[in-house]
Structures are given as structure tokens and as C-alpha cells.
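Trainee: Quick one: structure below, then a few questions.
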């Protein structure tokens, strides 16, 4: 049987309604990963040995305005739903250095200079480890997904409200690239031109959007000459609809983990701290 959660919470199955407490000290490979986005915050318990979700994921809407206090409340709701105690990994939509948000493109600007690890940790009562959201997704794909075994220059682009990026060379990550914010036409950022958010805002077809996105990939190829583009985020599940419009010298493939990559990578990040 399925239940609706209020306020647009995601559907969950009835075996989740009375969750047994998850104590990470007893299940060392089970870590809660939370992916914070501009429109939704979603999480799941991840087996970090095999990169698989242990059950369904749970999602809550991102509060608006997306202030630290409001988002921390939503973040804590996910930990409470899973009745989880232990380290939590978080993928966050900002440049993150030592747990501190250094930018805020699609969230409230009051996040800039805020220690996200401390804010989320206070509300959950758990140690929280925060990294850039696209970097988290990239870590998951490189360890468990289509990037496994790739030793050249690999660039992952997450396509959602904005454009995230993760860059790897010989398996090593260069963090906080944030290439969705490269300057584009009329001095605006590339994500304002080629993200899913731009497609929805401008009410253009996916075909028209794909031509824009291809321009963006060609620009990145001129700058970095990657061997492989991995496309993740919500738009990656429609890859078959637009792949014929993407033309670069580098290979282009969709992420294997699709929209769960950020959750899985966040859990892996916490496991490695």
C-alpha cells in the first residue's frame, strides 16, 4: 500500500511507515546520504560497499525562501523519517570548503559564509559532512557507475535547475569546478541558458533545449578537451530523446545511477571522512 506524505512529500511504501532505528554503529556500511537541491531535498540510506540504496528514498520540498534555518529543518526531517543516527553525507548546491558554503546560485544568499556542516549537524544531532552536490554525484559515478575504470579526463555534468559539474583526471577529483557558472551570452551564466531550469522558464521544447546544451558542451570541450562527458541529474533520464543532437569529440553517455548519484556520492563522502 502507498501513502502520501503532506506538502508534496514523496510517496513511500507501507514497510517504511514504522522504520526501525538505523544505528550506524551497528551497521557500519549503512550511511544516510542526502542530496540538497533547489527544488527538493532527497535522501536514502546507502550501502557504501556496493553503492546501492537500502530501500526507497524520501523527498521533501526545498523551503522557500531557502534560508539555512528553513533548509536545516527540512534536512532533519529526512533523518527523522529514517530514524537514523550516525554520520550523514550531504551534497550541497554551492562551492563548499571545509564545510562552509562559499556561493549560493540557486539557494538563499544568506548561505554564503555559513558552515553547512554545523547547521545541519545541530538540527539532526548527527555528524554531517558536506560537499558540492555535483562532486558527490561524480564520486558515485566514478566508483560504482559508468565512470568506473575511466582513467582519462572525465567531466560529469548534472542537469537540473542549474548545471553542476565534477571533473576527474585519472580517477582523482578536482573539486568545486562549478562550470555551470561560466560566463555565457550577455554576461549571464551558462546554466541560465542551457539548464533544465532554463528550458522550463523559457517554455522551449526539449529539442530546442538540446541544441543549447550542445553549444555548452562544445564550449567545455574547447576549454578542457575531456575524454568523456557523463550526463547526470533529472534530465539524464531523457537522454535517448536528445542524444542525436549532441556532437562532441568526447564520448557522451548518461549516468548509470541517474538521479540517485547525488545521494550515493554524499554517503560515500561521509564514509571517507
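Conditions tested, residue by residue: (1) surrounded by 18 or more Cβ atoms within 10 Å (Cβ to Cβ); (2) not assigned by TED's automatic domain parsing to the domain that holds residue 230.
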residue: 143; (1), (2): no, yes
residue: 163; (1), (2): yes, no
residue: 176; (1), (2): yes, no
residue: 183; (1), (2): no, no
residue: 188; (1), (2): no, no
residue: 199; (1), (2): yes, no
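Trainee: Within the stretch 201-211, is there a residue that is without any contact (Cβ under 8 Å) to a residue 60 or more places away in the chain, surrounded by 21 or more Cβ atoms within 10 Å (Cβ to Cβ), more than 14 Å from the chain's Cα centre (by Cα) and part of a strand (DSSP E or B)?
Mentor: no
Trainee: Something else now. Test of understanding: among 100, 48, which residue is farther than 20 Å from residue 233 by Cβ, without any contact (Cβ under 8 Å) to a residue 24 or more places away in the chain and not assigned by TED's automatic domain parsing to the domain that holds residue 198?
Mentor: Step by step, each of 100, 48 is checked, and only 100 is farther than 20 Å from residue 233 by Cβ, without any contact (Cβ under 8 Å) to a residue 24 or more places away in the chain and not assigned by TED's automatic domain parsing to the domain that holds residue 198.
Trainee: Same structure again: Under the condition of being more than 20 Å from the chain's Cα centre (by Cα) and assigned to a helix (DSSP H, G or I), which residue from the stretch 163-192 is nearest to residue 225 (Cα to Cα)?
Mentor: Across the stretch 163-192, the extreme among qualifying residues is 185.
Trainee: Would you mind finding the one in 258, 217, 231, 223 that is in contact with a helix residue (DSSP H, G or I) (Cβ under 7 Å, 6 or more places away or on another chain) and at negative phi?
Mentor: 231
Trainee: Can you name the residue in the stretch 25-44 that is in a strand (DSSP E or B) and without any contact (Cβ under 8 Å) to a residue 60 or more places away in the chain and, of all such residues, is surrounded by the most Cβ atoms within 10 Å (Cβ to Cβ)?
Mentor: 41
Trainee: What's the number of the only condition in (1) within 22 Å of residue 103 (Cβ to Cβ); (2) modelled with pLDDT of 95 or more that residue 185 fails to meet?
Mentor: (2)
The values are calculated or read from the model by the stated rules, or taken from the named source; none is laboratory data. Since the model is a prediction, treat every value here as computed from it, not as a measurement. So basically every Cβ, Gly included, is an ideal-geometry build from the backbone, and we count neighbours across all protein chains shown.
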